[in-house]
Amino acid sequence: APLPSSPEQISPRAAVWASHADAWVVALPALSPQLTYGIDFGRFAPIGAQWFSWIGHAGATATGAAPAHASPETDVAAQLISAGLVPAADPRGVARAAARAASHPCSDGFGAAIAPARTFGTTDGVAAAHAAGLVLGGSLECALVCDEVHWLGDRPLRFRDEPARHKTLDLIGDLALLGMLPQAHIVAYKASHRLHVALVRALASGEGGAAREGHYV
């Protein structure tokens, strides 16, 4: 579906999502925009599993936007399970972790809470990228890199959850294709730009439920 030519805030009335394997991003109906992001880098302990939720943009992205409201914890978990994105038993605690983060969102502005969060990666990922001729201009001056035990270099984290905040920054950039943040609670887990954009296309189409195959690019 073509993206809107002029910004009109999208307000989904039912859950809309894009997924691949155990990675997903979903837009849940909400009173005002909220973004919640979770990542899990397994054996790379410095990143590990972390979540970040943000409502600092509320009221600044759309004229007449409703006041910010954090999503109720029980509602978020139930909707993730209902959509089939998380198993009902939630063995890895993903729905519970998302719900806890969403119920205690950061309300600081974009410039303070999101913009400073640097891109990040693992030593394995960087080695693979270099082998493919990518990120050759990157350095520890502008990015965070860790092995399985510690962060490389001597620059401290700007936030304890800086990687999750950077993923939120990625999400905001992709949602910008809509012209403004949707009036929805966007919850993402281990997602990618491809999944973000599939969600954007699904939202733009006005359809509910799972994104169609054609929304993936």
What are the residues in region 165-176 that are closer than 16 Å to residue 193 by Cβ and in contact (Cβ under 8 Å) with a residue 24 or more places away in the chain, if any?
166, 167, 168, 169, 170, 171, 172, 174, 175
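Here is a list: 147, 161, 154. Which entry is of a type in the set (Asp, Glu) and crowded, with 16+ Cβ neighbours inside 10 Å?
161
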Taking region 187-217 only, how many residues are of a type in the set (Ser, Thr, Tyr), at pLDDT 95 or above and in a loop (DSSP other than H, G, I, E, B)?
1
Of all helices (runs of 4 or more DSSP H) completely enclosed by region 75-175, which ones contain at least 2 residues that are more than 18 Å from the chain's Cα centre (by Cα)?
123-131
Any idea which residue in region 103-122 is farthest from residue 171 (Cα to Cα), counting only those that are among the polar types (S, T, N, Q) and open to solvent by 60 Å² or more (accessible area, probe 1.4 Å)?
107
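The values are calculated or read from the model by the stated rules, or taken from the named source; none is laboratory data. Since the structure is predicted, the reported quantities are computational estimates derived from the model, not experimental observations. Every residue, glycine among them, receives a Cβ derived from its backbone with ideal geometry; neighbour counts consider all protein chains shown. With ligands, DNA and RNA removed, areas are computed over all heavy atoms of the protein, side chains included. Shrake-Rupley method; radii C 1.70, N 1.55, O 1.52, S 1.80 Å.
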